[in-house]
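Trainee: Can you keep this structure in mind? I'll have questions shortly.
The values are calculated or read from the model by the stated rules, or taken from the named source; none is laboratory data. Remember, it's a predicted structure, so these values are computed and weren't measured experimentally. Counting neighbours? That spans all protein chains shown, and the Cβs are built from the backbone with ideal geometry, glycine included.
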Amino acid sequence: MAYFAVVNEQSATSVAPLSGLSESEMLMVLRARVAEVMSIEAVDASGDERVSAVKFIGKLRLDASAAFEHLRTRLAALGYVPLLREAESEREMVVAVRGEVAQSAPQNLKLSLLLFLATLLTTTLFGGMFAWSLSRPTTDFSLVGILSNGIPFSVALMTILGAHELGHYAAARRHKLAVTLPYFIPVPLPGTLGTLGAFIQIRAPARDRRVLFDVGLSGPLAGLLVAIPLYVVGLMIAEVSPDPAPSNRSFLIQTLTAFFRPEAADNGVYLNPILLAARFGLVVTAINLLPVGQLDGGHIAYAALGSTWAKWLSYLAIAFMAVLGVTVSSTWLVWMLFALFSGAARAQPMNDLTPLDFKRAAAFLGTVALFFALFTARPL
């Protein structure tokens, strides 16, 4: 999961205006530089004496990407950052914000390490208890039994979560965004798996919707590249149960079972620690792809569909989780609250006008198909 900086007209870091210019002169210079790429129809300085945010409304004369890159260079010398937004009546808006984009993200390495170790402990102990209770235990409940299940479970799960977050991290670094290393979330409660996942913080807005899409999608894909092979390993060493196949298998799990363990296609299997960790990794990936706020699916939906459609999809997803939480499994209520707690604010890119290219649009359709392949109404 990636938490993006939400940047709007008032959120940039203040810097001094160009030396020697009064505020009225600054406004004139800003207008002249924006006019290089836009036919300006209206200007709104919002009565701000410091001219910290000025809105220029009109029609761009250049492609949005080219206009943004031109303005970013031209306004930087004045101590301003451009934001490109939609306006009414098929017009565009350039918002010149006094400030600068973060070039580095403050990283609390001690906290990151402490949370990693704490999550390693909680997933070993509490995840070990859970895995022991589900894996057809043949030994008494003891510390040895917990650790024998908890260590492989924890290593597998932390590897999946770590791969997910490092996928975000690598994509953010590739696009030169200020980003932190992962922070894991320990949950020291009996009856849980010991964690609610992990997240990174991106301290700067994405340049455009294509960057937002790349960073949002990279985490789930990286996590799946680890979770699916681990699921196959866990499946291959699992014992087949005489019970009928559970009704909560996702399409992907049904496919993997039919291919690698056809004898278990119509039967259940006893969950071993690796299989449990991989299954949880697949479930978390599906939930993360829901189009809600700061979840990966929220970033992906915003990048692909724009703010209006993404907003309504978010409302629909929250209602969907609430209904499932009441009618199918209370686990959905926990995830719904977690999704809301993570933040409903939109991670709006600086250039909000450039749509996805064909390659990313096709990847978005593939992501929708991937969500339905992973989805199950009863996660665990």
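Trainee: Can you tell me which residue within region 294-327, out of those that are surrounded by 24 or more Cβ atoms within 10 Å (Cβ to Cβ) and touching a Ser or Thr at 6+ places or on another chain (Cβ under 7 Å), is farthest from residue 379 (Cα to Cα)?
Mentor: Among those residues, the one meeting the criterion is 300.
Trainee: Provide a single number: the residues in region 141-160 that are in contact with a helix residue (DSSP H, G or I) (Cβ under 7 Å, 6 or more places away or on another chain) and closer than 22 Å to residue 227 by Cβ.
Mentor: Adding up the residues that qualify gives 11.
Trainee: Would you mind finding the one in 198, 238, 264, 178 that is assigned by TED's automatic domain parsing to the domain that holds residue 289, under 24 Å from residue 363 (Cβ atoms), out of contact with any His (no Cβ under 6 Å at 6 or more places or on another chain) and touching a residue at least 24 places away in the same chain (Cβ under 8 Å)? Full working, then the answer.
Mentor: Details: 238 fails: under 24 Å from residue 363 (Cβ atoms); 264 fails: under 24 Å from residue 363 (Cβ atoms); 178 fails: under 24 Å from residue 363 (Cβ atoms).
The unique qualifying residue is 198.
Trainee: So which helices (runs of 4 or more DSSP H) stay within region 227-324 end to end and still have 1 or more residues that are within 23 Å of the chain's Cα centre (by Cα) and among the polar types (S, T, N, Q)? Let's see the steps before the verdict.
Mentor: Values: elements: 251-260, 273-288, 296-305.
It comes to 273-288.
Trainee: Specify which of the listed residues (73, 119) is under 30 Å from residue 151 (Cβ atoms) and of a type in the set (Val, Ile, Thr).
Mentor: Numbers: 73 fails: under 30 Å from residue 151 (Cβ atoms).
Step by step, each of 73, 119 is checked, and only 119 is under 30 Å from residue 151 (Cβ atoms) and of a type in the set (Val, Ile, Thr).
Trainee: Follow-up question, since we're still on this one. Just one of (1) in contact with a strand residue (DSSP E or B) (Cβ under 8 Å, 6 or more places away or on another chain); (2) closer than 18 Å to residue 200 by Cβ; (3) surrounded by 21 or more Cβ atoms within 10 Å (Cβ to Cβ) trips up residue 127, so point out which.
Mentor: (2)
Trainee: Can you name every residue in region 85-100 that is closer than 16 Å to residue 349 by Cα and either in contact with a Lys or Arg (Cβ under 9 Å, 6 or more places away or on another chain) or at pLDDT 95 or above (or both)? Quick ask: steps written out before the conclusion?
Mentor: Taking region 85-100 as the starting set, the residues that turn out to be closer than 16 Å to residue 349 by Cα are 85-87, 92-97, 99-100.
Selection gives 85, 87, 92, 93, 94, 95, 96.
Trainee: Residues 98, 174: which one is crowded, with 17+ Cβ neighbours inside 10 Å and of a type in the set (D, E, K, R)? Give the steps one after another, and end with the answer.
Mentor: Values: 174 fails: crowded, with 17+ Cβ neighbours inside 10 Å.
Unique residue meeting the criteria: 98.
Trainee: Of all residues in region 130-142 being of a type outside the set (S, T, N, Q) and surrounded by fewer than 18 Cβ atoms within 10 Å (Cβ to Cβ), which is modelled with the highest pLDDT?
Mentor: From region 130-142, those of a type outside the set (S, T, N, Q) are 130-132, 134, 136-137, 140-141; that's our starting set.
Okay, now just the ones that are also surrounded by fewer than 18 Cβ atoms within 10 Å (Cβ to Cβ), so 134, 136-137, 140-141.
Details: 134: 79, 136: 74, 137: 71, 140: 69, 141: 75.
Applying the filter and picking the extreme gives 134.
Trainee: Given the options 238, 206, 245, 222, name the one that is out of contact with any helix residue (DSSP H, G or I) (no Cβ under 7 Å at 6 or more places or on another chain), among the hydrophobic types (A, V, I, L, M, F, W, C) and over 20 Å from residue 335 (Cα atoms).
Mentor: Details: 238 fails: out of contact with any helix residue (DSSP H, G or I) (no Cβ under 7 Å at 6 or more places or on another chain); 206 fails: out of contact with any helix residue (DSSP H, G or I) (no Cβ under 7 Å at 6 or more places or on another chain); 222 fails: out of contact with any helix residue (DSSP H, G or I) (no Cβ under 7 Å at 6 or more places or on another chain).
Going through 238, 206, 245, 222 in turn, the sole match is 245.
Trainee: For the structure I just gave you, tell me whether residue 12 is of a type in the set (A, V, I, L, M) and at pLDDT below 90.
Mentor: Numbers: of a type in the set (A, V, I, L, M): yes; at pLDDT below 90: yes.
Against the criterion (of a type in the set (A, V, I, L, M) and at pLDDT below 90), residue 12 qualifies.
Trainee: Of the residues 293, 297, 325, which single one is in contact with a Leu (Cβ under 6 Å, 6 or more places away or on another chain), of a type in the set (Gly, Ala, Ser) and within 28 Å of residue 68 (Cβ to Cβ)? Break it down stepwise before answering.
Mentor: Working: 293 fails: in contact with a Leu (Cβ under 6 Å, 6 or more places away or on another chain); 325 fails: within 28 Å of residue 68 (Cβ to Cβ).
After applying the criteria, what remains is 297.
Residues are listed down the side, and each one gets a yes or a no for (1) within 24 Å of residue 354 (Cβ to Cβ); (2) of a type in the set (Lys, Arg); (3) in contact with a Gly (Cβ under 8 Å, 6 or more places away or on another chain):
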residue: 176; (1), (2), (3): yes, yes, no
residue: 181; (1), (2), (3): no, no, no
residue: 194; (1), (2), (3): no, no, yes
residue: 207; (1), (2), (3): yes, yes, no
residue: 210; (1), (2), (3): yes, yes, no
residue: 230; (1), (2), (3): no, no, yes
residue: 234; (1), (2), (3): no, no, no
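Trainee: Residue 210 fails exactly one of the following numbered conditions: (1) touching a Phe, Trp or Tyr at 6+ places or on another chain (Cβ under 7 Å); (2) over 23 Å from residue 372 (Cβ atoms). What is the number of that condition?
Mentor: So residue 210 meets the others, but not (1).
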